[in-house]
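Peer 1: What follows is a single structure, and I will ask about it in a moment.
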Amino acid sequence: CLDNKVGFKGFAVPKESQNKVVQFPFHGTPAQMKHGDVVIAAITSCTNTSNPSVMLGAALVAKKACELGLEVKPWIKTSLAPGSGVVTKYLEKSGLQKYLNHLGFHIVGYGCTTCIGNSGDLDEAVSTAISENDIVAAAVLSGNRNFEGRVHPLTRANYLASPPLVVAYALAGTVDIDFNTEPIGTGKDGKEIFFEDIWPSNEEVAEVVQASVLPDMFKATYEAITKGNPMWNQLSVPSGTLYAWDPKSTYIHEPPYFKDMTMSPPGPHGVKDAFCLLNFGDSITTDHISPAGSIHKDSPAAKYLMERGVDRKDFNSYGSRRGNDEIMARGTFANIRLVNKLLNGEVGPKTIHIPTGEKLSVFDAAMRYKSASVGTIVLAGAEYGSGSSRDWAAKGPMLLGVKTVIAKSFERIHRSNLVGMGIIPLCFKPGEDTETLGLTGHERYSIDLPSSVSELRPGQDVVVVTGSGKSFTCTARFDTEVELAYFDHGGILPYVIRNLINAKH
């Protein structure tokens with residue numbers, strides 16, 4: 001991964017600097033860091049934490065490590081965020097939570113944490129050491145999401161592991177280790193400790209599960225679930241059938257999906273003289289597109305919040321603010337690891353505003369195009385839209401004014417979601433892409449579509465013409481008749497509303 005070119009599983013670190021060791025002070029103590037060192041180790045609230053065997057297995061690893069005298073380096077951010085309060089009950093019952101605590105795996109909450117960027121800031125000394133020396137730092141988490149820029153802006157290498165392995169990697173302090181042959185650390189008697197010394201047997205795990213995971217724990221935790229808690233119950237709620245939008249809220253905002261909607265479908269629409277907003281290569285995931293993780297202090301979303309009196313410490317995450325379209329639109333294509341060909345190799349959430357040549361944030365460029373009533377397109381390579389975080393990966397581009405995405409291929413669900421938001425997904429013909437067609441992204445693009453949905457059919461050919469006179473044929477990826485109906489209505493949301501109203505009458 002250090003050798004590979006910048007991109008998915010590629011960090012392009014020159015050979016001569018791959019083994020460099022960076023010295024830095026950590027609260028008055030000398031410390032050092034190298035590529036592959038772990039700075040976040042998180043047992044998270046995803047599927048794994050529903051499995052008592054792996055949760056108690058992690059606690060047994062912690063117990064054995066503590067007894068042998070192993071420690072986790074103090075600058076590694078460790079956390080335990082179960083998906084359920086039951087986990088706390090059986091960890092306490094087993095007497096093993098204290099060992100997790102000793103290694104820094106204290107319970108920090110219940111629910112989404114590290115997978116969606118909610119680990120919070122790293123220690124300033126650690127952040128500085130990573131940033132100033134361009135270290136490829138690692139996070140190891142027991143979640144199910146590890147896309148670029150999602151876990152933490154400063155961890156470029158993010159690895160998924162079982163909860164016991166998260167503890168093991170935290171103890172090792174690096175992902176650059178062969179557990180079969182290299183010691184994890186040195187014990188209290190100066191003896192090298194290996195992976196096999198801290199790994200529990202299946203029998204040990206089964207025994208503690210049998211003794212500690214009791215049916216009454218589940219019953220006690222969940223029987224009061226509908227009663228809420230004091231903080232929740234004390235919230236003041238306005239009465240009324242319809243939701244009362246609060247214009248001052250930075251969390252929930254009335255979205256513009258139905259603004260100026262008429263009962264008549266607008267019909268199919270082509271694209272006229274659109275500019276290219278972004279020009280991508282292969283493997284752009286929905287986590288590159290969708291607002292996910294923490295809100296960067298210099299981002300358009302941060303500016304929006306600060307203008308409304310929100311302090312940086314209260315920014316929270318995009319996930320927590322997904323009910324505010326203003327913030328989510330500003331967080332679309334805001335991934336710090338975005339590689340946009342219009343920027344000639346520079347990595348980051350910026351683009352070129354083609355008419356002026358200015359380098360702007362993607363949101364600012366999109367708004368400038370929108371204010372000039374000019375549509376935009378996105379050019380991409382293969383597997384556009386793979387990954388998760390699906391809905392805002394389609395809603396965000398629509399709010400930015402993207403009219404079509406032209407790619408070599410699409411992830412199945414994301415392609416369908418684009419249609420659902422009224423965006424045209426087009427596929428280059430086999431053997432063709434931006435390179436073979438000589439497209440730079442600086443051209444203007446026009447796509448002529450029939451004005452009646454009856455003249456459209458799934459998978460038909462569509463001609464794209466550029467401002468320079470070049471034309472090429474793409475396949476329109478409306479794959480079903482119902483997708484054509486969504487497109488005729490301007491997207492799935494107005495389609496559903498019109499059908500509801502018509503059914504009522």
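Peer 1: Cβ contacts < 7 Å: first residue farther than 13 Å from residue 399 by Cβ, restricted to the stretch 357-373; second residue open to solvent by less than 20 Å² (accessible area, probe 1.4 Å) and at pLDDT 95 or above, any location; separation 6+ or different chain. Result?
Peer 2: 360/351; 360/353; 365/277; 365/351; 365/353; 368/353
Peer 1: Restricting attention to the stretch 489-505, which residues are more than 29 Å from the chain's Cα centre (by Cα) and either hydrophobic (A, V, I, L, M, F, W, C) or over 21 Å from residue 391 (Cβ atoms) (or both)?
Peer 2: 497, 500, 501, 502, 503, 504, 505
Peer 1: Further, regarding this structure: Quick one: which of 282, 314, 325, 287 is open to solvent by 50 Å² or more (accessible area, probe 1.4 Å) and either touching a residue at least 60 places away in the same chain (Cβ under 8 Å) or closer than 21 Å to residue 346 by Cβ (or both)?
Peer 2: Among 282, 314, 325, 287, only 282 is open to solvent by 50 Å² or more (accessible area, probe 1.4 Å) and either touching a residue at least 60 places away in the same chain (Cβ under 8 Å) or closer than 21 Å to residue 346 by Cβ (or both).
Peer 1: Answer yes or no as to whether residue 334 is closer than 19 Å to residue 351 by Cβ and either among the polar types (S, T, N, Q) or open to solvent by less than 10 Å² (accessible area, probe 1.4 Å) (or both).
Peer 2: no
Peer 1: Restricting the stretch 408-459 to residues that are out of contact with any helix residue (DSSP H, G or I) (no Cβ under 9 Å at 6 or more places or on another chain) and of a type in the set (A, V, I, L, M), which is nearest to residue 477 (Cα to Cα)?
Peer 2: 426
Peer 1: While we're on this one: Among residues belonging to the stretch 41-52 that are open to solvent by 20 Å² or more (accessible area, probe 1.4 Å) and outside any loop (DSSP other than H, G, I, E, B), point out the one that is modelled with the highest pLDDT.
Peer 2: 52
Peer 1: I would also like to ask the following. Only one of 411, 383, 346 is among the acidic types (Asp, Glu) and either in contact with a Gly (Cβ under 6 Å, 6 or more places away or on another chain) or open to solvent by less than 10 Å² (accessible area, probe 1.4 Å) (or both). Can you tell me which?
Peer 2: Answer to the check: 411.
Peer 1: Identify all residues within the stretch 432-460 that are without any contact (Cβ under 8 Å) to a residue 60 or more places away in the chain, open to solvent by less than 50 Å² (accessible area, probe 1.4 Å) and either charged (D, E, K, R) or in contact with a His (Cβ under 9 Å, 6 or more places away or on another chain) (or both); write none if there are none.
Peer 2: The one that is without any contact (Cβ under 8 Å) to a residue 60 or more places away in the chain, open to solvent by less than 50 Å² (accessible area, probe 1.4 Å) and either charged (D, E, K, R) or in contact with a His (Cβ under 9 Å, 6 or more places away or on another chain) (or both): 433.
Peer 1: Before we move on, is residue 496 open to solvent by 50 Å² or more (accessible area, probe 1.4 Å), within 19 Å of residue 265 (Cβ to Cβ) and modelled with pLDDT of 95 or more?
Peer 2: For residue 496, the condition - open to solvent by 50 Å² or more (accessible area, probe 1.4 Å), within 19 Å of residue 265 (Cβ to Cβ) and modelled with pLDDT of 95 or more - is met.
Peer 1: Also: Give the number of residues within the stretch 461-475 that are farther than 17 Å from residue 274 by Cα and surrounded by 14 or more Cβ atoms within 10 Å (Cβ to Cβ).
Peer 2: 1
Peer 1: Let me ask another. So, in the stretch 137-160, of the ones that are in a loop (DSSP other than H, G, I, E, B) and either basic (Lys, Arg) or at pLDDT 95 or above (or both), which residue ends up nearest to residue 76 (Cα to Cα)?
Peer 2: That would be 150.
Peer 1: Looking at (1) touching a residue at least 40 places away in the same chain (Cβ under 8 Å); (2) over 19 Å from residue 217 (Cα atoms); (3) of a type in the set (Lys, Arg); (4) surrounded by fewer than 18 Cβ atoms within 10 Å (Cβ to Cβ), which one does residue 77 not meet, given that it meets all the others?
Peer 2: Residue 77 satisfies all of (1) touching a residue at least 40 places away in the same chain (Cβ under 8 Å); (2) over 19 Å from residue 217 (Cα atoms); (3) of a type in the set (Lys, Arg); (4) surrounded by fewer than 18 Cβ atoms within 10 Å (Cβ to Cβ) except (4).
Peer 1: Of the conditions (1) modelled with pLDDT under 95; (2) open to solvent by 50 Å² or more (accessible area, probe 1.4 Å); (3) part of a helix (DSSP H, G or I), residue 112 fails just one. Which one is it?
Peer 2: That leaves (3) as the condition not met.
Peer 1: Can you give me the number of residues within the stretch 257-279 that are among the basic types (Lys, Arg) and either open to solvent by less than 10 Å² (accessible area, probe 1.4 Å) or more than 25 Å from residue 444 (Cβ to Cβ) (or both)?
Peer 2: 1
Peer 1: Quick check: is even one residue across the stretch 248-256 without any contact (Cβ under 8 Å) to a residue 12 or more places away in the chain and either in a helix (DSSP H, G or I) or open to solvent by less than 100 Å² (accessible area, probe 1.4 Å) (or both)?
Peer 2: No, the conditions are met nowhere in the stretch 248-256.
Peer 1: Could you identify the single residue in 361, 373 that is more than 22 Å from residue 475 (Cβ to Cβ), small (Gly, Ala, Ser) and more than 21 Å from the chain's Cα centre (by Cα)?
Peer 2: 373
Peer 1: Exactly one of (1) closer than 30 Å to residue 88 by Cα; (2) in contact (Cβ under 8 Å) with a residue 60 or more places away in the chain; (3) within 26 Å of the chain's Cα centre (by Cα) is unmet by residue 276. Its number?
Peer 2: With (1) closer than 30 Å to residue 88 by Cα; (2) in contact (Cβ under 8 Å) with a residue 60 or more places away in the chain; (3) within 26 Å of the chain's Cα centre (by Cα) applied to residue 276, the lone miss is (1).
Peer 1: Then there is this: Sort through 292, 301 and tell me the only one that's under 26 Å from residue 353 (Cβ atoms) and modelled with pLDDT under 95.
Peer 2: 292
Peer 1: To continue, here is another question. Confirm whether residue 262 is outside the structural domain of residue 406 (by the TED database) and more than 30 Å from residue 403 (Cα to Cα).
Peer 2: no
Peer 1: From 61, 38, which residue is assigned by the TED database to the domain that holds residue 165, surrounded by 14 or more Cβ atoms within 10 Å (Cβ to Cβ), touching a Gly at 6+ places or on another chain (Cβ under 7 Å) and not in a loop (DSSP other than H, G, I, E, B)?
Peer 2: That would be 38, the only listed residue that is assigned by the TED database to the domain that holds residue 165, surrounded by 14 or more Cβ atoms within 10 Å (Cβ to Cβ), touching a Gly at 6+ places or on another chain (Cβ under 7 Å) and not in a loop (DSSP other than H, G, I, E, B).
Peer 1: State the number of residues belonging to the stretch 88-108 that are open to solvent by 60 Å² or more (accessible area, probe 1.4 Å) and closer than 13 Å to residue 61 by Cβ.
Peer 2: Going through the stretch 88-108 one residue at a time, the tally reaches 1.
The values are calculated or read from the model by the stated rules, or taken from the named source; none is laboratory data. Bear in mind the structure is a predicted one, so any value in this text is a computation, not a measurement. No Cβ is skipped: glycine too gets one built from the backbone with ideal geometry, and neighbour counts run over all protein chains shown. Surface areas here come from the heavy atoms of the whole protein model, side chains and all, with no ligands, DNA or RNA. Shrake-Rupley method; radii C 1.70, N 1.55, O 1.52, S 1.80 Å.
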